[in-house]
Amino acid sequence: RCGQGLGLGPFCMEFWNEVTRLFRAGMPLRKHRQNFRHYSSCFTASAAVDWLHQLLRSNSNFGPDVTRQQTVQLLKKFLKNHVIEDVKGRWGTEDLEDNNTLYRWAVCRSLLFSFLPVCLHLQRILGVASFYEVLDPHCVNPQNIIHNMTKVNKHGVVTLDDKNNDLPHWVLSAMKSLANWPKYDTAQPSYPGFERDVFKTVSDYFYSLPQPLLTYELYELFINVLGVLQPQCERVAIEALQLCTLLLPPSSRRKLQLLMRMMSRISQNVDMPRLHPAIGTRTLMVHTFSGCVLGSAEECDLDELLATRLVSFLMDHQQSILSVPEYLLSAISDHIQYLRTVPIDSVSNTDGGDPVCAPVPIYAFCHQISCAEFEEQKLASSQKAMEELLEILLTDQNISEKDRHKKLKQFQKQYPDIYRRRFPSSDKETNTDNKPKIKPPLLNFKKTKAFSIRT
């Protein structure tokens, strides 16, 4: 019998590998909330003890005599050897208890290396000291990056191995009909308002998806990109979005590509009948689909404005953003070749710490600047982005007066300095005289997730 180190008999390497494989393959993962934060793809210690205890009891190497405490001892070994870690990335000790502490699978170091060029470039573009400041590495699947870069058709659109994850045939047909209007299948019905019904069918489908196309896990990353989304930094913003969208699951990236291509074609099609009696086609595209492209798991008052701004930029530059840059293909190819020729040494240090790893090549994509210049540019760019957001709040005709005042009050609370510069006031008595004079919008249009297209 196996497992002497745990009080379970001699513990053989073959059994360790087998239990680890079964545990990783079968342990249920789900989203948990702890200290006002959501953690995806994790499990509680007690749930892990329950599942692993049942596995050991049914295994011929152990049998039904295995106790719950012995199962805890095995999980402690998993934690010490970095098979698992807590949701804050801590491991290397054996202080695991049978409680509700959250744990997750440890990130494989070699897999992290496989998307290193993407991370390094994105880190420099966003101006952060570490890539992990804006993204949990457990939210990144290196296989998604490789798939999104290599498995594409002649138009650059991602192809899927599992067709069950693709858009339904009837949605694809509806999107092609709108994108190629009026050159659509003559077998389809045609009647006044037909294009509006088709458009509503497409929008209803995208809002029926379980989460936005940019995913909840990558929400914070895309919000950070908005800091560099400025006229003078357009090229940088395009590069940042190129990299961020490569992190998406292939099915989400494919849906995003097809949706943006359709939106762009409809907006530029002068032959397309008006899809709404009072709203321009471009505005309709952006406001209809912004909510199903970007959104957070917990709704925020500024989500709608941020999503509208990002989707507008995505639609205008979809061909560049959703293509794979040649320089990155070369960098990834070189890096994979490096990993093949310089294997990672999996031998642990004598003190039981991190595995000794081969040195990683450094990729340089940007011109180096001083720390002072970086801090100055970072402050200026973030303040400029917030100033632009404030102007959008003031001038967007699609925001109702009630929502506008609510969002302005929230903006004033979160960014008092920027608000004060826009509306200077000398003291509290004159504060009311200096409130922004907001003219009633020409069009009172409040966006909902699936507003009526046909009137």
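Assorted remarks:
- Scanning region 263-287 for residues that are part of a helix (DSSP H, G or I) and either touching a Lys or Arg at 6+ places or on another chain (Cβ under 8 Å) or closer than 30 Å to PHE36 by Cα (or both) yields SER267, THR281, HIS287.
- Positions within region 143-178 being open to solvent by less than 10 Å² (accessible area, probe 1.4 Å) and in contact with a strand residue (DSSP E or B) (Cβ under 9 Å, 6 or more places away or on another chain), in sequence order: ASN148, VAL158
- Scanning region 39-56 for residues that are of a type in the set (A, V, I, L, M), closer than 17 Å to ASP86 by Cα and open to solvent by 10 Å² or more (accessible area, probe 1.4 Å) yields one hit, ALA47.
- Residue check for TRP91: among the aromatic types (Phe, Trp, Tyr), out of contact with any His (no Cβ under 7 Å at 6 or more places or on another chain) and either in a loop (DSSP other than H, G, I, E, B) or at pLDDT 85 or above (or both): no
- Of all residues making up region 52-102, the number that are touching a helix residue (DSSP H, G or I) at 6+ places or on another chain (Cβ under 6 Å) and of a type in the set (Ser, Thr, Tyr): 2
- Verdict on ARG253 being part of a helix (DSSP H, G or I) and touching a strand residue (DSSP E or B) at 6+ places or on another chain (Cβ under 8 Å): yes
- For the condition modelled with pLDDT of 85 or more, of a type in the set (Lys, Arg), within 25 Å of the chain's Cα centre (by Cα) and within 21 Å of VAL152 (Cα to Cα), ARG261 qualifies.
- When residues of region 133-166 are limited to those that are under 21 Å from ILE321 (Cα atoms) and of a type in the set (Lys, Arg), the one farthest from the chain's Cα centre (by Cα): LYS154
- Qualifying residue in region 307-328 (condition: in contact with a Lys or Arg (Cβ under 7 Å, 6 or more places away or on another chain), modelled with pLDDT under 90 and open to solvent by 20 Å² or more (accessible area, probe 1.4 Å)): no
- ARG274 among the charged types (D, E, K, R), open to solvent by 20 Å² or more (accessible area, probe 1.4 Å), assigned by the TED database to the domain that holds PRO192 and more than 24 Å from ASP197 (Cβ to Cβ): no
The values are calculated or read from the model by the stated rules, or taken from the named source; none is laboratory data. Since the structure is predicted, the reported quantities are computational estimates derived from the model, not experimental observations. FYI the Cβ positions are ideal-geometry reconstructions off the backbone, even for glycines, and counts take in every protein chain you see. The area values use the complete protein model at the heavy-atom level, side chains included, leaving out ligands, DNA and RNA. Shrake-Rupley method; radii C 1.70, N 1.55, O 1.52, S 1.80 Å.
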